[in-house]
Amino acid sequence: MQWITIFKKEILEDWRNYKWIWVPLVFIVICIMDPISTYYLPQILESVGGMPEGTVLEPPEVVPSQAIMMSLTELSMLGVLVIVAISMSVIAGERKSGVAELILVKPVSYFTYISAKWAEKLLLVFTSYLIGMLASWYYVDLLFGQITAGQFFSLFFFYLIWLIFVISLTIFYNTIVKVPGLVLTLTVVTIMAMSAINQIFSYRMPWFPNSISGHITKMLMENSVPNALWGAVSITIILSVGLLIASNFILKTKEMAD
Amino acid sequence: MAVIEVQNLIKAFKGDQVVKGLNFTLEKGKCVALLGPNGAGKTTTLRMLSGLLKPTDGSIHFEGATKGEDIRQYIGYLPQYPIFHPWMTGKEFLVYVGQLAHLSKKDAIEKADQLLEKVAIFEARNQRIGKYSGGMKQRLGIAQAMIHSPQLLMLDEPVSSLDPLGRREVLTLMEELKQQTTILFSTHILGDAEEISDDLLVMHHGEIVEAGSIESLRHKHQTAKFELAFQGDTTTYQERLKQLECIQETFLEKGEIHVIVEDIETARREILKEAIATDWPLVKFELSRTTLEDLFMKVVKN
Amino acid sequence: MGEILNSLPIVAPLILVQFLLMIIALISLIKAEQTNGPKAMWAVIVIFIGFIGPILFFIIGRRQY
């Protein structure tokens with residue numbers, strides 16, 4: 001009951017501050033901008049000029065799987081940044097402003113408080129990501145060639161696990177510090193550090209969370225799910241759950257009045 | 001019957017004790033003022049009772065609560081500066097926190113309407129809280145603390161940030177709430193405490209220095225005292241006053257003799273008899289009482 | 001020229017979404033009682049900085065609390 005109450009309150013809040021409108025729109029742009037601009041690159045270059053007379057510009061040789069992976073590449077940068085930014089004050093903001101002092105003296109468990117907020121952000125991100133990727137699928141199909149439903153949905157759900165991890169990490173930092181800007185910085189720095197580690201040790205740690213999109217590329221080319229992807233996804237889920245449990249523990253030991 | 005029993009409650013921040021071992025019980029149905037100057041440790045104490053701060057040591061026992069039970073459901077708490085979600089309406093906020101306190105949505109709505117009426121913001125119930133005035137927010141704060149009909153209502157400096165009008169409104173409201181629940185509120189103003197509370201807990205430097213009902217404290221600290229002034233050499237009369245049996249203590253202050261007496265009536269008779277008999281050049285003979293104000297000032301100055 | 005016209009049905013939705021984003025940011029800007037920084041500055045940012053402008057406004061410009 002309390003869980004639903006907080007969940008609904010979060011939905012109402014994100015509706016009133018326009019997040020339920022702008023985040024899906026931003027995700028559509030993020031997901032379709034690269035496939036479209038890649039397709040029209042020759043025309044864009046032509047209109048800009050500077051090409052020798054008689055040069056024939058063909059659309060670059062991009063296979064459908066490469067085209068749809070462009071969406072994931074953009075999501076990994078801009079998309080992740082937007083996700084962190086919309087979640088950076090979900091708990092930190094309430095603690096900083098002082099509302100938490102009114103909420104947490106009510107008999108509500110910290111885990112309910114954390115998980116309901118986590119779930120609402122997940123629903124918002126899921127919806128936006130779904131709309132964005134469906135748009136991307138449509139354009140890739142139109143401009144580059146077929147992506148099967150099987151390919152699309154396995155790509156969609158495997159990458160979703162990574163986004164869940166990003167939300168969980170942001171929530172985790174929300175319980176550690178109460179300045180939203182600092183939550184953003186810490187989360188982004190952590191993800192960048194993880195990405196660096198992933199690049200250096202990718203051969204030794206095929207199950208590392210950041211390797212998910214690499215494995216998805218391989219999955220689309222070979223049309224089968226690599227074992228390493230299952231491994232990476234499992235590790236990422238475990239880490240996300242761990243982060244939520246840790247958040248609960250941290251918030252419990254924190255003194256709300258500080 | 002006690003509602004809450006506090007034993008040896010201690011709070012230290014970085015080794016610095018802000019609250020130094022409090023022991024007190026709150027009687028059911030009483031309105032108790034936690035009185036003390038700023039920095040006495042009042043807010044820290046209330047925050048520990050509400051569960052916002054963890055005591056460094058000591059125990060808080062809530063009557064009727066089993067060990068390890070979440071006592072937050074029995075408590076309503078209003079912080080000194082309540083902050084709300086400015087994008088919510090007053091009614092939405094009350095229904096929200098009501099549901100968080102285990103009320104069903106229907107009950108929460110009903111209770112919210114009742115309270116909005118009681119705290120006189122019913123008209124503004126569908127306005128965003130961001131537009132509320134300071135007094136309205138304070139009253140909404142009391143309403144949110146009352147939403148689950150708590151057995152103990154704790155208010156941290158409920159009137160000190162308000163203008164005289166808002167102050168009066170909140171005090172009247174507290175007078176009404178006294179009938180329904182036990183109230184513990186902190187204040188640094190003796191007048192507010194005297195006006196609505198039954199009992200006083202006087203706090204200073206993290207300790208409770210006086211506790212009891214207003215009446216008993218008034219009585220305890222109300223020693224009778226005469227102030228006498230004379231023409232000429234005052235000190236000789238002081239010696240002679242000391243010899244009177246009814247007088248406990250004398251001292252000089254600003255050229256006047258202050259005499260503390262046991263019983264006002266006998267003392268007056270004796271002193272005046274002596275004065276007439278030996279023809280004292282009295283220019284002032286005045287009865288004065290030490291009050292709670294004197295007690296409070298004494299506490300604050302130490 | 002013909003190619004550009006051919007491409008219009010494809011590119012139009014992208015432009016439309018970006019335009020929508022800008023309009024919503026502007027509505028939110030007008031309705032907001034307070035913003036971090038002058039409203040005029042945010043109006044310029046929202047209108048002129050591609051689709052990043054509205055995002056910046058929603059994240060930084062709008063006061064959350």
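The values are calculated or read from the model by the stated rules, or taken from the named source; none is laboratory data. Here the structure is a predicted model, which means the values were calculated and not measured. Glycine also receives a Cβ, built like all others from the backbone with ideal geometry; neighbour counts cover every protein chain displayed.
Going through segment B:216-246 one residue at a time, which ones are touching a residue at least 24 places away in the same chain (Cβ under 8 Å), surrounded by 17 or more Cβ atoms within 10 Å (Cβ to Cβ) and either aromatic (F, W, Y) or more than 20 Å from B:D263 (Cβ to Cβ) (or both)?
B:L217, B:F226, B:F230, B:Y237
Out of (1) touching a strand residue (DSSP E or B) at 6+ places or on another chain (Cβ under 8 Å); (2) modelled with pLDDT under 90, what's the single condition that is false for B:K67?
(1) is the only condition that B:K67 fails.
Which condition number in (1) over 9 Å from the mean Cα position of the chain (by Cα); (2) closer than 25 Å to B:P86 by Cα; (3) at pLDDT 90 or above is the one that C:V44 fails?
(2)
Read through the list (1) farther than 30 Å from A:P35 by Cβ; (2) in contact with a helix residue (DSSP H, G or I) (Cβ under 9 Å, 6 or more places away or on another chain), then give the number of the only condition that A:T253 fails.
Among (1) farther than 30 Å from A:P35 by Cβ; (2) in contact with a helix residue (DSSP H, G or I) (Cβ under 9 Å, 6 or more places away or on another chain), the lone unmet condition for A:T253 is (2).
Take segment C:27-65 and flag every residue that is out of contact with any Gly (no Cβ under 8 Å at 6 or more places or on another chain), more than 18 Å from A:S89 (Cβ to Cβ) and within 11 Å of another protein chain (Cβ to nearest Cβ).
C:I27, C:K31, C:G50, C:F51, C:I52, C:P54
Please report, ordered by residue number, the helices (runs of 4 or more DSSP H) entirely within segment B:206-278 with at least 2 residues that are at pLDDT 85 or above and hydrophobic (A, V, I, L, M, F, W, C).
Passing ranges, in order: B:264-277.
Rundown of residues vs (1) over 17 Å from A:L81 (Cα atoms); (2) touching a residue at least 24 places away in the same chain (Cβ under 8 Å), yes/no style:
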{"site": "A:L142", "(1), (2)": "yes, no"}
{"site": "A:F157", "(1), (2)": "yes, no"}
{"site": "A:T190", "(1), (2)": "no, no"}
{"site": "A:M205", "(1), (2)": "yes, no"}
{"site": "A:S211", "(1), (2)": "yes, no"}
{"site": "A:I216", "(1), (2)": "yes, yes"}
{"site": "A:W230", "(1), (2)": "yes, no"}
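Of (1) outside any strand (DSSP E or B); (2) touching a residue at least 60 places away in the same chain (Cβ under 8 Å); (3) in contact with a strand residue (DSSP E or B) (Cβ under 9 Å, 6 or more places away or on another chain), B:N38 satisfies all except one. Which?
The single condition B:N38 does not satisfy is (3).
Among the numbered conditions (1) free of Cβ contacts under 8 Å to residues at least 12 places away in the same chain; (2) within 14 Å of chain B (Cβ to nearest Cβ), tell me where A:I44 comes up short.
Every listed condition holds for A:I44 apart from (2).
Would you confirm, using the coordinates I've provided, whether A:K121 is within 14 Å of chain B (Cβ to nearest Cβ), buried (at least 18 other Cβ atoms within 10 Å of the Cβ) and not in a loop (DSSP other than H, G, I, E, B)? Explain how you work it out, then say what you get.
Values: within 14 Å of chain B (Cβ to nearest Cβ): no; buried (at least 18 other Cβ atoms within 10 Å of the Cβ): yes; not in a loop (DSSP other than H, G, I, E, B): yes.
For A:K121, the condition - within 14 Å of chain B (Cβ to nearest Cβ), buried (at least 18 other Cβ atoms within 10 Å of the Cβ) and not in a loop (DSSP other than H, G, I, E, B) - is not met.
For segment B:71-155, list the helices (runs of 4 or more DSSP H) that sit wholly inside it and hold at least 2 residues that are in contact with a strand residue (DSSP E or B) (Cβ under 6 Å, 6 or more places away or on another chain), among the hydrophobic types (A, V, I, L, M, F, W, C) and buried (at least 21 other Cβ atoms within 10 Å of the Cβ); which are they?
Working: elements: B:90-100, B:105-118, B:134-146.
Filter on segment B:71-155 gives B:134-146.
Based on what the data block shows, is B:T172 crowded, with 18+ Cβ neighbours inside 10 Å and either assigned by TED's automatic domain parsing to the domain that holds B:K42 or among the β-branched types (V, I, T) (or both)? Give the steps one after another, and end with the answer.
On the way: crowded, with 18+ Cβ neighbours inside 10 Å: no; either assigned by TED's automatic domain parsing to the domain that holds B:K42 or among the β-branched types (V, I, T) (or both): yes.
Criteria not met by B:T172.
Looking at A:P59, A:P52, A:P64 in this structure, which one is touching a helix residue (DSSP H, G or I) at 6+ places or on another chain (Cβ under 7 Å), at pLDDT below 90 and more than 28 Å from C:A25 (Cα to Cα)?
On the way: A:P52 fails: touching a helix residue (DSSP H, G or I) at 6+ places or on another chain (Cβ under 7 Å); A:P64 fails: at pLDDT below 90.
Only one candidate passes the filter, namely A:P59.
Going through A:F158, A:F152, A:F165, A:F111 one at a time, which residue ends up being within 14 Å of chain B (Cβ to nearest Cβ) and in a helix (DSSP H, G or I)?
A:F111
Would you say B:E123 is free of Cβ contacts under 8 Å to residues at least 40 places away in the same chain, facing chain A (nearest Cβ under 10 Å) and among the acidic types (D, E)? Steps first, please.
Values: free of Cβ contacts under 8 Å to residues at least 40 places away in the same chain: yes; facing chain A (nearest Cβ under 10 Å): no; among the acidic types (D, E): yes.
So B:E123 fails the test.
Among the residues of segment A:86-104, how many are within 11 Å of another protein chain (Cβ to nearest Cβ), closer than 25 Å to B:L46 by Cα and in contact (Cβ under 8 Å) with a residue 24 or more places away in the chain?
Qualifying residue count, segment A:86-104: 7.
Being within 18 Å of A:L130 (Cβ to Cβ) and of a type in the set (D, E, K, R) is the filter here; which residues of segment A:70-110 pass it?
Within segment A:70-110, A:E74 is the sole residue that qualifies.
In segment A:232-258, what residues are under 30 Å from B:T43 (Cβ atoms), free of Cβ contacts under 8 Å to residues at least 12 places away in the same chain, in a helix (DSSP H, G or I) and not β-branched (V, I, T)?
Passing the criteria: only A:F249.
So, in segment B:175-215, exactly how many residues are more than 15 Å from the chain's Cα centre (by Cα) and surrounded by fewer than 17 Cβ atoms within 10 Å (Cβ to Cβ)?
So the answer is 4.
Quick one: would you say B:T56 is of a type in the set (V, I, T), without any contact (Cβ under 8 Å) to a residue 60 or more places away in the chain and touching a Lys or Arg at 6+ places or on another chain (Cβ under 9 Å)? Can you show your working first?
Values: of a type in the set (V, I, T): yes; without any contact (Cβ under 8 Å) to a residue 60 or more places away in the chain: yes; touching a Lys or Arg at 6+ places or on another chain (Cβ under 9 Å): yes.
Yes, satisfied.
Scanning segment A:124-149 for residues that are part of a loop (DSSP other than H, G, I, E, B) and surrounded by fewer than 18 Cβ atoms within 10 Å (Cβ to Cβ), which turns out farthest from the other protein chains (Cβ to nearest Cβ)? Spell out how you get there, then give the answer.
From segment A:124-149, those part of a loop (DSSP other than H, G, I, E, B) are A:144-148; that's our starting set.
Then keep just the ones that are surrounded by fewer than 18 Cβ atoms within 10 Å (Cβ to Cβ); that gives A:145-146, A:148.
Details: A:G145: 15, A:Q146: 17, A:T148: 22 Å.
It comes out as A:T148.
Of all residues being touching a residue at least 40 places away in the same chain (Cβ under 8 Å), more than 14 Å from B:L155 (Cα to Cα) and of a type in the set (S, T, N, Q) in segment B:70-107, which is farthest from the other protein chains (Cβ to nearest Cβ)? Just the residue, please.
B:T89
In segment A:251-258, is there at least one residue being within 30 Å of A:G145 (Cβ to Cβ) and either basic (K, R) or within 14 Å of another protein chain (Cβ to nearest Cβ) (or both)? Before you say what the answer is, go through the steps one by one.
Pass one, segment A:251-258, residues within 30 Å of A:G145 (Cβ to Cβ): none.
Scanning segment A:251-258 turns up no residue that is within 30 Å of A:G145 (Cβ to Cβ) and either basic (K, R) or within 14 Å of another protein chain (Cβ to nearest Cβ) (or both).
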